[in-house]
Amino acid sequence: MKTLICQHPEKIEYIERDMPELKAGEALLKIRAVGICGTDIHAFAGRQPFFSYPRVLGHEICGVVEETGSDCHRVKKGRRYSVIPCVPCGVCMACQEGKTNCCENVSLYGVHQDGGFSEYLAVREENLVELPPGLSDNAGALVECFAIGAHAVRRAEIKSQQNVLVVGAGPIGLAAAAIAKAKGARVVVADIDAGRRQQITDKLGLQTLDPIQGNYLDALKTCFDGQLACTLLDATGNKSSMSRSVDLIGHGGKIVFIGLYIGELVLDDPTFHKKETTLLASRNATREDFECVIAFMTAGVLPEKLMVNKEYDFYSFGHRYKEDVVENKSLVKGVIKF
């Protein structure tokens, strides 16, 4: 089978590899589409923490089951599935409590073990979520990205008519905003990039703000009829943005950090305390989040065009991966087609 492998930072190349050997409980997936995530870009550039090379990238995966190994009882040959990339250990405290997304020893397809930039992949049956016939392969590849946003919204317990501020309009922020809107929340999105703000307006019909404008706080209150946000979802991974978050919520509000900043954060403690702030982190997603996204997609609430602005051919895009993917400033979300 043909595989695109990142040998080390700045080097990615096509190789021929033997077909995967199925272990008990695994299914052989013929890959149909793979979404490109920031992880795939950072890994190529050598900026991905806890990463080892060589590695086959790709964890936003849609494929068709072509073969099942022993002890596979749920998945069926010929049916399409989205892949939950997190492979939990099953024995740590988080796993025992059903929080497999934050397993102490979690391994992700495409990050800690080889992923979907390949024609075939052996995947644990437990990590496959069936897709209905009406969804495209592209949509199936996007389920994982949307599920990250869905998990953050679920962590925040967002309800109808709540004031929700999403900071960061990249794919994860867009997903979180779309899911929060689908839950009935009053959503405003902040991003420093005018193009991304316009995309939010055009595709989601939401109000947007520039967080570095001088009247940002007053503009936010105007959007929410004189109030601050009840819940803030920060998908930036930016220290300045995350540190400022406590100023943007009302008393009794919540902050959910989706984006990861590698380092220490400082929050103003008097403000944090007087608001009795709830601070949460959101990491990865679970089957419940995948099923939520698939239900919204089936209902037409989350069309793939909300996110995808570039398609790539698997058999050629690797030759210009740096130029067409890593250095492509206009890229919002790309999908690789097989």
Open item on the list: Tell me the relative contact order for the stretch 1-129 as a rounded percent, counting alpha carbon contacts under 8 Å between residues six or more apart.
Closed with: 32 percent
TODO: Enter the mean projected area of the convex hull around the alpha-carbon atoms of the stretch 130-175, in nm², rounded to one decimal.
DONE: 4.2 nm²
Open item on the list: Report, in listed order, any pair from K181/K329; K275/K333; K183/K275; K2/K310 with a Cα-Cα distance greater than 29 Å.
Closed with: K275/K333
Open item on the list: Please report the carbon-and-sulfur percent of the accessible area for the chain; probe 1.4 Å, protein heavy atoms only, DNA, RNA and ligands left out.
Closed with: 48 percent
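Can you list, largest first and rounded to whole Å, the semi-axes you get for the stretch 50-118 by taking the square root of 5 times each eigenvalue of its Cα gyration tensor?
Over the Cα atoms of the stretch 50-118, the ellipsoid semi-axes are 22, 19, 10 Å.
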Open item on the list: Students often get this wrong: which residues of the stretch 139-183 have the backbone nitrogen under 20 Å from the point 7 angstrom along Cα-to-C-beta of S330?
Closed with: 169-171
- [ ] Can you tell me the 0 to 90 degree angle between the C-alpha axis of helix 287-298 and the longest principal axis of the chain, rounded to 10?
- [x] 80 degrees
TODO: Calculate the tail of P(r) for the stretch 86-130: the fraction of all Cα-Cα distances greater than 18 Å, expressed in %.
DONE: 32 percent
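Compute the accessible area per residue over the stretch 181-285, keeping the other protein chains in place, probe 1.4 Å, unit Å².
Working: 5370 Å² over 105 residues.
With all protein chains present, the stretch 181-285 gives 51 Å² per residue.
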TODO: Would you kindly calculate the mean projected area, averaged across all directions, of the convex hull enclosing the Cα atoms of the stretch 196-286, in square nanometres?
DONE: 7.1 nm²
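Using a 1.4 angstrom probe with every protein chain in place, what is the largest-first accessible-area order of I15, I148?
Accessible-area ranking of I15, I148, largest first: I15, I148.
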Task: Separation in nanometres of the label points that stand 7 Å from Cα toward Cβ, at T278 and E311 - done: 4.2 nm
Open item on the list: Quick check: pseudo-label points 7 Å beyond the Cα along Cα→Cβ at H251 and K23, how many nm apart are they?
Closed with: 5.4 nm
TODO: Any chance you could list the semi-axes, whole Å, largest first, of the equivalent ellipsoid that the Cα gyration tensor gives for the stretch 255-338, using √(5λ)?
DONE: 35, 21, 11
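Beyond 26 Å, how much of the Cα-Cα pair distribution for the stretch 81-213 remains, as a whole percent? Write down the numbers at each step before the final one.
Working: 3166 of 8778 pairs.
So the pairs more than 26 Å apart make up 36 percent of the total in the stretch 81-213.
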Open item on the list: When only alpha-carbon atoms are used, what values of Rg and Dmax, in angstrom, describe the chain?
Closed with: 20.0, 62
Open item on the list: Using the Cα atoms of the stretch 146-213, I'd like the radius of gyration and the largest Cα-Cα distance, Dmax, both in angstrom.
Closed with: 10.9, 31
Task: Calculated [θ] (222 nm, deg cm²/dmol) that DSSP helices of n ≥ 4 give over the chain, each run adding -39,500 (n - 2.57) - done: -7500 deg cm²/dmol
Task: Hull volume in cubic angstrom per residue (convex hull over the Cα atoms of the stretch 160-311) - done: 125 Å³
Open item on the list: Using only Cα atoms and rounding to the nearest 10 degrees, what angle (0 to 90) does helix 194-204 make with the longest principal axis of the chain?
Closed with: 80 degrees
Open item on the list: Suppose every Lys and Arg Cβ carries +1 and every Asp and Glu Cβ carries -1, with no other charges. What dipole size does the stretch 6-62 come out with about its Cα centre, to the nearest 20 debye?
Closed with: 100 debye
Task: Accessible area in the full protein assembly, largest first, 1.4 Å probe, for E16, E304 - done: E16, E304
- [ ] Measure nothing fancy, just the Cα-based angle from helix 137-156's long axis to the longest principal axis of the chain, in degrees from 0 to 90, nearest 10.
- [x] 40 degrees
Task: For I84, solvent-accessible area (1.4 Å; no DNA, RNA or ligand), Å² - done: 10 Å²
Open item on the list: If you count only protein heavy atoms and use a 1.4 Å probe, how large is the accessible surface of E119, to the nearest 10 Å²?
Closed with: 40 Å²
- [ ] Over all alpha-carbon pairs of the stretch 1-70, lay out the pair-distance distribution in 5 Å bins, whole %, shortest bin first.
- [x] 4, 14, 21, 22, 19, 14, 6, 1
Task: Exposure of H73 as accessible area (Å², to 10), given a probe of 1.4 Å and all protein chains - done: 140 Å²
- [ ] Largest first and to the nearest Å, give the Cα extent of the stretch 1-123 along each principal axis.
- [x] 41, 36, 21
Task: the stretch 66-158, Cα convex hull volume normalised per residue, Å³ - done: 132 Å³
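Just to make sure I understand: if all protein chains stay in place, what is the order of T278, T231 by accessible area at 1.4 Å, largest first?
Numbers: T278 55, T231 0 Å².
So the residues, ranked largest to smallest area, are T278, T231.
The values are calculated or read from the model by the stated rules, or taken from the named source; none is laboratory data. Computed from a predicted structure; not experimentally measured. Counting neighbours? That spans all protein chains shown, and the Cβs are built from the backbone with ideal geometry, glycine included. Keep in mind that these areas ignore ligands, DNA and RNA; they rest on the heavy atoms of the full protein, side chains included. Shrake-Rupley method; radii C 1.70, N 1.55, O 1.52, S 1.80 Å.
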